Structure formats: structure tokens, C-alpha cells
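Heads up, the thing below is written out as C-alpha cells.
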Amino acid sequence: MATDNRIHFWKRNPKGPGSMQPVYGAQHPPLDPRIQHTFLKDTPKTNSLNVKSKKASSFHEFARSTNDAWDIEDEDDEGLLGATHTSAAPRPPLSTLSECEADAHPAGRQSPPRPEPCRDRLQPDGGPANGRVVKSSSEAQLNTTAVRSTLQKQQSLPMRPIIPLVARMSDQNASGAPPMTIREKSRLDKFRQLLAAPNTDLEELRKHSWSGIPREVRPITWRLLSGYLPANMERRELVLRRKREEYFGFIEQYYDSRTDEHHRDTYRQIHTDIPRTNPLIPLFQQPLVQEVFERILFIWAIRHPASGYVQGINDLVTPFFVVFLSEFVEEDVENFEMSALPLETQRNIEADSFWCMSKLLDGIQDNYTFAQPGIQIKVKALEELVSRIDEDIHSHFQKYEVEYLQFAFRWMNNLLMRELPLRCTIRLWDTYQAESEGFSHFHLYVCAAFLIEWRKEILSMSDFQNLLMLLQNLPTIHWGNEEVGLLLAEAYRLKYMFADAPNHYRR
């Protein structure tokens, strides 16, 4: 009976969760509509729920007392796609639009879906447009008007925790970045020694990278650990040149097809998702940066037809892009103007981000194929693991009918990028790339340790609604390297104490 009521709740509005597919493209059916919106959509405000004065103590009671909690987000999707204009998302002034967009949105007319970039600003071969890498013809810089318009629009949407990049990308705790200690300088010297060897010892490099990679050598270390670059020093420059040329060859060969009927939906979804990637960080709102992300994701999608583009993959480009950008930027990365870099440097960052993201996804592609079996297997493994690690938390979820898919799907789909500040994600990925099967297997233990970290808060919640809200809004905004280090240490302990727990679910 409870199951029937839950199904009725998730299906009661035809505009609601059933209309959303986490795997985009006509060839993919939706996930179970009971849970798909919970983890793929940004968490709605509490006051957007039409809840009775008496708090619901279980999913069943919550469902009976709640009108479709995600209706507002479906409206937001329509607004972001440009299908309609509402008072909650005002149309920016024409001065903030590119020439192409201004032509496509004459005054007094409803705006259609966001138009294709103009031919003169987006070159299929990734070559220069007005002397820059695919640059908007009317926005050489992100001016203050555009920033204000972006922030106003974001503030009108249902809020999720703001996760800024925070100051510099240097290794730091929440309290700031202290001067380099003797130990840190010694570690940096060791990294440089390993990287300067004629043949880098990758096992030794992984060993030193597990506890964090110094900022100064992180870009080259990530290229090596991801398998993008060879260990042999003499071959690296040749490989880099060949792979970068190969990527822009893909752009020239395939990017024009984004307007073809077969690829139009894929490109449109990418085009829609990119502005939502770290929406409050100015770097990612620059048209030049967004167009880089569009090309990376579109080329990856058409080269991997088994999965295509899936919402969430856009987040996975971000750490690589920021790390490779930081190689050339000593100042505040989150406010850096990408167009200030030389054209060749922009192209190199784009190509390297594409190849390293591709290497990552090669190891977890079953997360994004039809029905996303990899994620479902991992969430089930997390449930089994938590039931052995902490029976109290597991029983608490059962008591209030909280399903692991309702919060952990996003943890697996986005590799905790929606739960942690970007600086923490980059530190986390140092270890993932040093670990054997870091993204595909060790991440499971990190998720378990992350859940147990909030044990006290979880057990203090005595109703379904607040429990789920907590799990979707865990307060990590002030986390730094120290907190991530403790999380990884606990995950390492769990891996060796309970290594057989998820084996039943592993392929």
C-alpha cells in the first residue's frame, strides 16, 4: 500500500518527474520516476513545498501532504530553455546579449529556445574568430551588466548551496593558505624529481599523489596519472601535439553536425546545461568558456554513442579545466578572463581537458549507458556497505522510508561535485587518480565515509522531509584540505575493513 501511494505521489502531475530523463536523447527511457528528480534537479527551497503544519514523519505522510514538490523546477526548466518568459526569470537587456541573440529576440516577442551560435563566432575547427578561440563577437569581456543579470536570474530560481571556488586554487584549508612549510617544499622537490626523470616511475608518483599534489605540479601530474601522457619524457611533447591536433580534427569533422536532426537534441541539452555549471562562478559564465565546454561535451557524446550525453557529465569537465588553466594563472582563478590567454594556450587547455575527461569516463562509462546500470549497482553497494558499517543510520533511513537512490544517485552521477566546493573536488581527485580504480571503486568508500561524517545530524532528523533536505544540502561550504584528508583516510580504513561488502554487486 505504501508503495502504491509513493508511486501515485511521483506520478500525480504529468508535468512532473515523469517528463525528465537523466539520460538525454530519444533512445533512452526515463529512470524510475519516483526518484529521478530528487537527485538530478537542484534541491528546491523548503518553502516551495505545500506542506501541512504537521510535519510528515515518513515518505507516505509526506507524499499525502505535498503537492508535486518539483512543479516549480519544471517551470524553471522551461524558462532556462527559453520557451517562455516569466516574472521569476526576467529577460536580460539587449545590451547583454550577443548580436546573434539580439537578432533572435526582437522586442515584444516571446524568445524561442536559445539560438545556435553564429557562424562567425563558432568555427568548426576551433580556429580563431576575430583573433580568439571561438569568441563571441560582442562580448570580449564579461561586463558587470552581464554578471548582474546572471546573478539576478540565478537568485530567482530554487536555491541550492552556493559552492564557490573560493580565493585561489592553491592548497588551503578553510582558514587560508599558509606559507609553504619545509615538509611541503620537500614534497614539491620530490615531485619535481620524479617528473624530471627520463621515465617517470608512475607507481612512485601515485604513492606521493595519494595525500595531495602540490599546485605547481598538479597539471602535469594529472596528465600522467590519467594516462593521457606517457611516462617517457622524450615522447611527451610529441604525444601532446598529436592528441591536440586530433581533438581539433574532431571539431572540424563533427561539430557542424550539431544542427543535424540526429544530433540536435543532444546539442540542445548540452547548450542548456552549460550555463548551470557552477552558475555563481564568473569564470564559467564567460561565453568563451561555455563554448569550450559545449565543444568538449558534444564531441565526447557523438564519439560514445552507447551513452551519449548525460546530465552531470558537464560537471566532470570542470576540475580538469580549472587545473589546466591554473598552470597559467597565479591570480584569482574564478574571476580570470579566459580571453586574456594566448590563442594557442586556450586551445591546449581545451584539448587536454577533453582527453583527460575522456580517460576518466572510460573507467565509469556504465554509469551513463542505457538505464545507467553502473550507478544503480553502486548505489545498491553503498546501501549494503552502510548497513554493515552503521546499522543505526541504515535503520533510520528504513524507518522514515528514505531510499538511497533519492540522495546517493547524485553522489555517484556527479562524483560528489554537487556536495563539495570545487577546491575540495580537485583535492579529492588527486587521490582518485592515485588510487587503483579510484573513480569506479574507491569513490564508493568515500561516499560511505561522507555519509557517516553526518551521522549525528542524520539521526537527529525525525521526519522524511527534513532528513532528505539534509542529505541534499550537507554544509560543506567551508571545507578545505584538512576535512578532505580526514574523509579520505576514513574511506581508506573502510576499504580494508569492509572490502568484501560490495563484492556481490561488482561486475
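I'm trying to understand the selection: among the residues of the range 365-377, which are open to solvent by 30 Å² or more (accessible area, probe 1.4 Å), within 20 Å of residue 437 (Cβ to Cβ) and not polar (S, T, N, Q)? Result: 366, 373, 377.
Residue under question is residue 437, and the condition is that it be touching a residue at least 40 places away in the same chain (Cβ under 8 Å) and out of contact with any Lys or Arg (no Cβ under 7 Å at 6 or more places or on another chain); does it hold? Taking the combined requirement at face value, the residue satisfies it. Here the range 323-376 is the region considered, the condition is being among the aromatic types (Phe, Trp, Tyr), farther than 20 Å from residue 427 by Cβ and within 17 Å of the chain's Cα centre (by Cα), and the residue that is modelled with the lowest pLDDT is 368.
Residues in the range 398-422 that are within 26 Å of the chain's Cα centre (by Cα) and either farther than 30 Å from residue 326 by Cα or in a helix (DSSP H, G or I) (or both): 13 in all.
In the list 459, 471, which residue meets the criterion of being assigned to a helix (DSSP H, G or I), hydrophobic (A, V, I, L, M, F, W, C) and surrounded by fewer than 17 Cβ atoms within 10 Å (Cβ to Cβ)?
Values: 471 fails: surrounded by fewer than 17 Cβ atoms within 10 Å (Cβ to Cβ).
Checking each option against the conditions leaves just 459.
For (1) in contact with a His (Cβ under 6 Å, 6 or more places away or on another chain); (2) more than 25 Å from residue 365 (Cβ to Cβ); (3) assigned to a helix (DSSP H, G or I), each residue gets a yes or a no:
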{"residue": "222", "(1), (2), (3)": "no, no, yes"}
{"residue": "229", "(1), (2), (3)": "no, no, no"}
{"residue": "238", "(1), (2), (3)": "no, yes, yes"}
{"residue": "243", "(1), (2), (3)": "no, no, yes"}
{"residue": "249", "(1), (2), (3)": "no, no, yes"}
{"residue": "268", "(1), (2), (3)": "no, no, yes"}
{"residue": "273", "(1), (2), (3)": "no, no, yes"}
{"residue": "288", "(1), (2), (3)": "no, yes, yes"}
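The values are calculated or read from the model by the stated rules, or taken from the named source; none is laboratory data. Nothing here was measured: the structure is a model prediction, and the numbers come from that model. So basically every Cβ, Gly included, is an ideal-geometry build from the backbone, and we count neighbours across all protein chains shown. Heads up: the accessible areas ignore ligands, DNA and RNA and are worked out on the full protein's heavy atoms, side chains in. Shrake-Rupley method; radii C 1.70, N 1.55, O 1.52, S 1.80 Å.
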